[in-house]
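See below for the structure under consideration.
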Amino acid sequence: MSEVDRSLVGTETPPFTVEVERGAIRRFSEAIGDDNPLFRDPAVARSHGYADIVAPPTFPTSFRLPGDPVWISGLDRRRIVAGEMSFETRRPITAGTVLTCRMRLAGIEDKAGRKGVMQLIHQHLEGRDDQGQIVFVAGRTTVYRPAEQSLA
């Protein structure tokens, strides 16, 4: 008894572009409390061989899709809870990088909980550079909680 359409597993969102800016990297590093100078000072970043300041590895969490993916759009948002995240970085993201990103529905898993069966929605956000090379893959598990049961 699935509420998330399992036939959509493997579906991808349309591509969207992220232009990585210095200010966004600095604000993100401040928000997570990381004062690493590679994230803030272009001269320090260049002295370490980078073209510009480097984004923290979790920076892709700040990338927003233009709209909800088709597998999320029909769900009751009150029942959606953030779950686990993972990050695979093939090379550092630096200011000035332009990424083409897509999210893919990787799988749906049913899991028994105290209030019933919940669905774990496994998604992968992939970012590629202008040469088509993968720069990062961010895994995201979203929990879709069971509907409230009446006690009648």
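Data for the structure
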quantity	calculated
Residue within the stretch 75-95 that is more than 30 Å from D41 (Cβ to Cβ), of a type in the set (G, A, S) and at pLDDT 95 or above present	no
Among (1) open to solvent by less than 80 Å² (accessible area, probe 1.4 Å); (2) in contact (Cβ under 8 Å) with a residue 60 or more places away in the chain; (3) part of a loop (DSSP other than H, G, I, E, B) - the single one P60 does not satisfy	(3)
Positions within the stretch 127-138 being in a strand (DSSP E or B) and surrounded by 15 or more Cβ atoms within 10 Å (Cβ to Cβ), in sequence order	G127, R128, V135, F136, V137, A138
Sole residue being loosely packed, with under 14 Cβ neighbours inside 10 Å and either within 21 Å of A138 (Cβ to Cβ) or touching a residue at least 12 places away in the same chain (Cβ under 8 Å) (or both), chosen from A45, A95, A82	A82
Flag for D52 being open to solvent by less than 60 Å² (accessible area, probe 1.4 Å) and assigned to a loop (DSSP other than H, G, I, E, B)	yes
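The values are calculated or read from the model by the stated rules, or taken from the named source; none is laboratory data. Note that the coordinates shown come from a computational prediction; the quantities given were computed from them, not determined experimentally. With ideal geometry, Cβ positions are generated from the backbone for all residues, glycine too; neighbour counts draw on all protein chains shown. All accessible areas refer to the heavy atoms of the entire protein, side chains included, with ligands and DNA or RNA removed. Shrake-Rupley method; radii C 1.70, N 1.55, O 1.52, S 1.80 Å.
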